[in-house]
Amino acid sequence: MSNKENTEENVENQEEINNEVEANEEVNPEKEEAEMEEVPELSELEQKEAEISAANEKFLRLYSEFDNFRRRTAKEKITLTKTAGQDIIKDLLPVLDDFQRAIEQQ
């Protein structure tokens, strides 16, 4: 057989298969409609489940982000109160040294 004959035979086989499929579809249109009705419900249900899952993930991320923010600000507040006194004392040291030298000069 040549390539041309094989191609023609494949085309004929494909046409036969398509005709059989079409014949089966015509015999059971109610079954197909019932399947089509169930598919949107399942896909809608799956879609809602996916939306709920995404909302839960978003909630968990926001909650953990807020919790991290709360911890970070509490830590910053503690370090600020500790270092604020240090900064003031460092700024006052030269002034105190000047006072001490002035008292010694008298």
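The values are calculated or read from the model by the stated rules, or taken from the named source; none is laboratory data. Just so it is clear, the structure is predicted and the values come from calculations on it, not from any experiment. So basically every Cβ, Gly included, is an ideal-geometry build from the backbone, and we count neighbours across all protein chains shown.
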I need the full set of residues from segment 94-106 which are exposed (fewer than 10 other Cβ atoms within 10 Å of the Cβ) and within 60 Å of the chain's Cα centre (by Cα), in order please.
Pro94, Val95
Starting from segment 86-106, take each residue that is at positive phi and list its partners that are modelled with pLDDT under 90 and charged (D, E, K, R), counting only C-beta distances under 9 angstrom and pairs at least six apart or across chains.
none
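Being at pLDDT below 90 and either loosely packed, with under 10 Cβ neighbours inside 10 Å or among the β-branched types (Val, Ile, Thr) (or both) is true for just one of Asn24, Asn18, Asn10, Asn3. Which residue is that? Talk me through it step by step, then tell me what you get.
On the way: Asn24 fails: either loosely packed, with under 10 Cβ neighbours inside 10 Å or among the β-branched types (Val, Ile, Thr) (or both); Asn18 fails: either loosely packed, with under 10 Cβ neighbours inside 10 Å or among the β-branched types (Val, Ile, Thr) (or both); Asn10 fails: either loosely packed, with under 10 Cβ neighbours inside 10 Å or among the β-branched types (Val, Ile, Thr) (or both).
Matching residue, one of Asn24, Asn18, Asn10, Asn3: Asn3.
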